[in-house]
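To start, the structure itself, in structure tokens.
The values are calculated or read from the model by the stated rules, or taken from the named source; none is laboratory data. These figures come from a predicted structure and were not determined experimentally. Don't worry about glycine lacking a Cβ; one is built from the backbone with ideal geometry, like all the others, and counts go over all protein chains shown. Surface areas here come from the heavy atoms of the whole protein model, side chains and all, with no ligands, DNA or RNA. Shrake-Rupley method; radii C 1.70, N 1.55, O 1.52, S 1.80 Å.
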Amino acid sequence: MSLTGTPFLYTLTALAVTAVALPLALWSRLRGPKVVRALARTLMLLFAQGTAVALVFVLVNNANNLYDDWDDLLGTGSHVRQAADLGPDGKGGVELSRLPKVRQEFTDAEGPGMGAAGGVRETELRGRISGVQAEVYVWLPPQYDDPAYRDRRFPVVELLPGFPGSAKAWFGALAAHEQLLPLMRSGKVAPFILVAPRTALLPGVDTGCANITGTVNADTWLSVDVPKMVMDNFRAQPAPAGWAVAGFSAGAHCAAKLTVAHPDRFRAAVSLSGYNDPIEQRGSLAAETPALRDANNPYVLLRRAADPPPVALYLSGQPGDGYEAGLALARAAKAPTDVHVVHFPKSAGGHTVKLWRPQVVPAFEWLTAQLGQQGLPAPDGRGATPRAPSSGGSRREALASGSASRAGAARRP
């Protein structure tokens, strides 16, 4: 029975109701020795408490999309078939243009929010370069199947969750497609293809979206295999001009890092409550050595770049949770790198969906402008979004260094 499925939720609800009804009906009717009656009553109480805790957990999990399945919850599932040494470019010397096209079968995705706004599609992708095999979710904008746009190619945004977190979170807890659908129809936001690949690839650990020979090639999965699949199966714009990455928490770190590290693959990133140094995520594989930390720290990558990457970064956060990391990147950035930092007070919602969900629309309005994407109103829509300049940073507080110590590394997902 699926962890996030409706049958499991209904079963737990029925058990929780039964667990409350049993003591009410049987408490005073129990017969037998005193020890037997005490044991029976104790078991009824434990059953009531256990079912109540399980039901609350499932409700919270379904609302926040933390764990997709039992393997994620129990830390027993791996989506890595192999992790070869792919070299500095993460392609292992393979010329992607010479590979045959990846043809995928898609089904309707299941779960909270997945059927809304036209529905989300799901496929199981076997990454040819990364050695990762995992699910990818795709949502198509309203113009995609419109005959008026049959020759049009569409921009793409990869959506990354926090850790622990499900790729479904952007469609479930954040309801990104539901928020953006009317704006895409009216032309206020560009008709982006939304792609949410699995990022929880190994049992119980955060990969840090890094390539680690012999362990995982998460960077290549997200920046090579997934984009190739999208390009091979949909009318997507070529990289990097039409591609961006957006994430929250650990996914925000990945969005900034992937974009800064691969300006030939992505043009822009949206980072909601992110961080720079991988050591800030407890248990991140990208923090295991100083070399890995530097290679996966967007602040270090910007400081060391021989040529500043032509990318744009949207970084939002609260004091002590993403804001200082954004200011650090603004300090390190040099033209043509463009950094836009958004400050939220500590009262705005904390490290939760309450803070991130309202940022979906402004972030995608920013992406529309930064990628130079004109809004495409559907036949019944009107207007389009004009290109707007970036604010290019913030002056609210002193710039931070972008580093952290392991003592302060504990973070919420």
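A convex hull fitted around the alpha carbon atoms of the chain yields 172 Å³ per residue. Between 0 and 90 degrees, the angle of helix 34-64 with respect to the longest Cα principal axis of the chain falls at about 20 degrees. With both residues required to sit in the chain, DSSP beta bridges show an antiparallel share near 40%. For residue 228, the lysines whose Cα comes closer than 17 Å to its Cα, not counting residues fewer than 8 places off in the same chain, are 91, 101. Mean residue ellipticity at 222 nm, helices only, the chain: -9500 deg cm²/dmol; runs of at least 4 DSSP H residues each add -39,500 (n - 2.57), and the sum is divided by the number of residues. For the stretch 254-375, with all protein chains in place and a probe radius of 1.4 Å, 51% of the accessible heavy-atom surface sits on carbon or sulfur. Relative to its Kirkwood radius, the Cα radius of gyration of the stretch 192-274 gives an Rg/Rh of 0.95. Loop sites here are GluC sites (Glu not before Pro) outside DSSP states H, G, I, E and B with no more than 10 other Cβ atoms within 10 Å. The longest part of the chain free of them is 106-413. Note on the stretch 245-373: Cα-Cα pairs beyond 25 Å make up 18% of the total pair count. What separates the Cα centres of the stretch 1-54 and the stretch 269-314 is a distance of 49 Å. Working note: Karplus 6.51/-1.76/1.60 with θ = phi - 60° gives the stretch 302-316 the couplings 5, 5, 9, 5, 5, 10, x, x, x, 10, 10, 10, 10, 10, 10 Hz, where Gly and Pro are set to x. Applied to the stretch 282-290, the Karplus parametrisation 6.51 cos²θ - 1.76 cosθ + 1.60 on θ = phi - 60° returns per-residue 3J(HN,Hα) values of 4, x, 5, 5, 6, 9, 6, 9, x Hz, with x for Gly and Pro. A straight Cα-to-Cα reach below 18 Å connects residue 354 with the aspartates and glutamates 178, 321, residues fewer than 8 places away in its own chain not being considered. Relative to the longest principal axis of the Cα atoms of the chain, the long axis of helix 323-332 makes an angle of roughly 20 degrees. Looking at the chain, the accessible area is 44 square angstrom per residue; that uses a 1.4 Å probe and ignores ligands, DNA and RNA.
The magnitude of the dipole of the chain, with charges of +1 and -1 set on the Cβ of Lys/Arg and Asp/Glu and taken from the Cα centre, is near 840 debye.
Close amide-amide hydrogen proximity is noted between residue 312 and 268, 269, 338, each under 5 Å apart and 5 or more residues distant or on a separate chain (H modeled in the peptide plane; Pro and chain starts excluded).
GNM remark for the chain: springs join alpha carbons under 10 Å apart, and the peak mean-square fluctuation among 142, 112, 23 falls on 23. Once the Cα atoms are used to define both axes, helix 360-370 deviates from the longest principal axis of the chain by about 10 degrees. Calculated FRET efficiency, residue 116 to residue 21, Cβ-Cβ distance, R0 = 45 Å: about 0.80 to the nearest 0.05.
In order along the stretch 220-226, phi translates into HN-Hα couplings of 5, 4, 7, 9, 10, 5, 5 Hz, rounded to whole numbers, per the Karplus curve 6.51 cos²θ - 1.76 cosθ + 1.60 with θ = phi - 60° and x for Gly and Pro. Which of rounded, prolate, oblate describes the stretch 72-220, given a ≥ b ≥ c as roots of the alpha-carbon gyration tensor eigenvalues and a/c under 1.5 marking rounded, otherwise prolate only if a/b is larger than b/c? Note, shape of the stretch 72-220 comes out oblate. When the chain is treated as a GNM with alpha-carbon contacts under 10 Å, the residue of 366, 170, 27 showing the greatest mean-square fluctuation is 27.
For the residues 232, 89, 69, a GNM of the chain with alpha-carbon springs under 10 Å puts the largest fluctuation on 89. Relative contact order for the chain: 15 percent, from Cα pairs under 8 Å spaced at least 6 residues apart, divided by residue count. Which residues in the stretch 103-140 place their backbone N less than 13 Å from a point set 7 Å from the Cα of residue 352 along the Cα-to-Cβ direction? Taking a point 7 Å out along Cα→Cβ of residue 352, no residue of the stretch 103-140 has its backbone N under 13 Å.
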